[in-house]
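Submitted below is the structure of interest, expressed as structure tokens.
The values are calculated or read from the model by the stated rules, or taken from the named source; none is laboratory data. What you are looking at is a predicted structure, and each value in this text was computed from that prediction instead of being measured. Every residue, glycine as well, gets a Cβ built from its backbone with ideal geometry; the counts of neighbours run over all protein chains shown. The area values use the complete protein model at the heavy-atom level, side chains included, leaving out ligands, DNA and RNA. Shrake-Rupley method; radii C 1.70, N 1.55, O 1.52, S 1.80 Å.
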Amino acid sequence: MLDEIIIKEFEDIVGVHNIQDSNATRLAYSYDATASFQSLPDLVVSPRNTEEVAGIVKLCQKHGLPIVPRGSGTNLAAGTTPSQGGVVLIFRNMNDIVELDEENLALTVQPGVLTEEIHQYVEEQGLFYPPDPSSGKISTIGGNISENSGGLRGLKYGVTKDYILALEVVLPNGDIVRTGGKLAKDVAGYDLKSLLVGSEGTLGIVTEATLKLIPKPFYKETMLAVYESLEDAAETVSAILANRIIPATLEFMDQGTIQVVEGYKQIGLPTDCEAILLIEQDGPKEIVEQDIEKMYSICKEYGALSLSKAVTEQEAEELTRARKDALSCLAYLSPTTILEDATVPRSKIAPMVREIKKVADKYDVRIHTFGHAGDGNLHPTCATDARDKEEMARVEEAFAEIFQIAVDMGGTITGEHGVGEMKAPYLEWKVGELGIEIMKAIKQAIDPNNIMNPGKVFAKSTKKRVVVSNV
């Protein structure tokens, strides 16, 4: 708990109604969507504008207080837990759509705007903001930027970083920097904008963002392919891309996930198959129809047991929601759900899913897998109970082995969730000792007193690589 004199200094900046330090509020902001990580903040502060954010940061520097910028708390790597106490910043008062610039196809927003609100707003204007994290109904654009969030449309359209034109950011010393602009090209100096995107709140606080928009696709079709084997589904993915077709969505669910989702959604998903692919294409109607017809043929050629196309928009939405709601459905299985995002080259999807099953059996834990087949971003999801310490130790060992297998296959420990506190011990496995040193040097140069979201991304690794054969 902070001294009343210090609290009064924060009140002078943002007003008494935007300061919260009750035990209930501190508890509410002590965790995010990551299991088993929780730390109480000293204070929760709601700034109203960029200048107030700068004032808060300067005050935190003065008193040596850690500061953690937080969106809606959907982070899955303990990226917004106040692991060293201090101040949690929330952006409920900074949630305006500032400007739509149709000439430059740009939208300027504050960090507290919901991702889904952006989608709805621009699509009403006939425009399109493609990044679509599954948490989009509740996640904020500021959190998306800090984590460089992906989504189901990542294969065709890319991720958050690909749609950031400009940022306004408060640096750890309280200075305000503006990077980028409403430009199609800009190579003046280092690309600070891209450095800040995905920095997980460790280098600065985004207070305004200008997003790139594109014309809204005119037409969309959705289809479902059902497979008896994982290998057939994975080979289909490779064949589709080898035929120079880039679908808007190319998603995968294994049998366990399908059975759980169908159990709760009741939309007619087959539960006796080993895998399904959800495939969408959008664009000009003629091109979409050609692509869907070609993908239909490829799916048949590579062993699909059955194929179906969504006839209505509602059917298409149900299929997409089934995939987006996979996590929430799996969460019904047990008190604790741990969702990971190991990512491998597309050619390694089937072997990776097989290895995940082997690891689950080895450590006697329950893991189902789904994810973005088109870009190799898999989500092995464990149903467990955080109260069972012995089981949780096995879960941790299982995921450590899964991360190593992914890296050994040419993949990574995280494709879209970020490193946060949870995966910090494994980062060196991916980037190497020198990579860690370079990242730390950047952090030290920008935040020498380490007040910006300390305890995240970097941690002294105590995780030992295990010997994994046949990978």
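Do any strands (runs of 3 or more DSSP E) entirely within the stretch 5-118 hold 1 or more residues that are open to solvent by 20 Å² or more (accessible area, probe 1.4 Å) and more than 30 Å from Phe399 (Cβ to Cβ), and if so, which?
On the way: elements: 43-45, 67-70, 87-90, 97-101, 106-109.
Where strands (runs of 3 or more DSSP E) fall fully within the stretch 5-118 and carry at least 1 residues being open to solvent by 20 Å² or more (accessible area, probe 1.4 Å) and more than 30 Å from Phe399 (Cβ to Cβ), they are 97-101.
Report yes if some residue within the stretch 214-225 is closer than 14 Å to Thr160 by Cα and of a type in the set (A, V, I, L, M, F, W, C); otherwise report no.
Yes, because at least one residue in the stretch 214-225 is closer than 14 Å to Thr160 by Cα and of a type in the set (A, V, I, L, M, F, W, C).
If Gly174 passes every condition in (1) open to solvent by 40 Å² or more (accessible area, probe 1.4 Å); (2) modelled with pLDDT of 95 or more; (3) part of a loop (DSSP other than H, G, I, E, B) but one, which one does it miss?
(1)
Now a separate question. Residue pairs, Cβ under 6 Å, 6 or more apart or interchain, first in the stretch 109-135 and at positive phi, second open to solvent by 30 Å² or more (accessible area, probe 1.4 Å) and in a loop (DSSP other than H, G, I, E, B). List them.
Matching pairs, first to second residue: Gly126/Lys216.
Please count how many residues of the stretch 177-194 are open to solvent by 60 Å² or more (accessible area, probe 1.4 Å), touching a strand residue (DSSP E or B) at 6+ places or on another chain (Cβ under 8 Å) and farther than 19 Å from Ala445 by Cα.
Here the count works out to 3.
I would also like to ask the following. Going by the structure shown, is Ile298 part of a helix (DSSP H, G or I), closer than 16 Å to His368 by Cα and open to solvent by less than 20 Å² (accessible area, probe 1.4 Å)? Walk me through how you get there before you give the answer.
Values: part of a helix (DSSP H, G or I): yes; closer than 16 Å to His368 by Cα: no; open to solvent by less than 20 Å² (accessible area, probe 1.4 Å): yes.
No; evaluated as a whole, the condition is false for this residue.
For the stretch 195-210, indicate whether the set of residues that are assigned to a helix (DSSP H, G or I) and over 30 Å from Asp96 (Cα atoms) is non-empty.
For the stretch 195-210, residues assigned to a helix (DSSP H, G or I) and over 30 Å from Asp96 (Cα atoms): absent.
Considering only residues that are modelled with pLDDT of 90 or more and at positive phi, look in the stretch 231-289 and name the one that is farthest from the chain's Cα centre (by Cα).
Arg244
Given the criterion open to solvent by less than 20 Å² (accessible area, probe 1.4 Å) and in contact with a strand residue (DSSP E or B) (Cβ under 7 Å, 6 or more places away or on another chain), identify the matching residue among Leu307, Leu277.
Step by step, each of Leu307, Leu277 is checked, and only Leu277 is open to solvent by less than 20 Å² (accessible area, probe 1.4 Å) and in contact with a strand residue (DSSP E or B) (Cβ under 7 Å, 6 or more places away or on another chain).
Yes or no, residue by residue, for (1) part of a loop (DSSP other than H, G, I, E, B); (2) farther than 15 Å from Ile279 by Cα; (3) of a type outside the set (Val, Ile, Thr); (4) touching a residue at least 24 places away in the same chain (Cβ under 8 Å):
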residue	(1), (2), (3), (4)
Val311	yes, no, no, no
Ile338	no, yes, no, yes
Ile356	no, yes, no, yes
Asp364	yes, yes, yes, yes
Thr369	no, yes, no, yes
His379	no, yes, yes, yes
Glu390	no, yes, yes, no
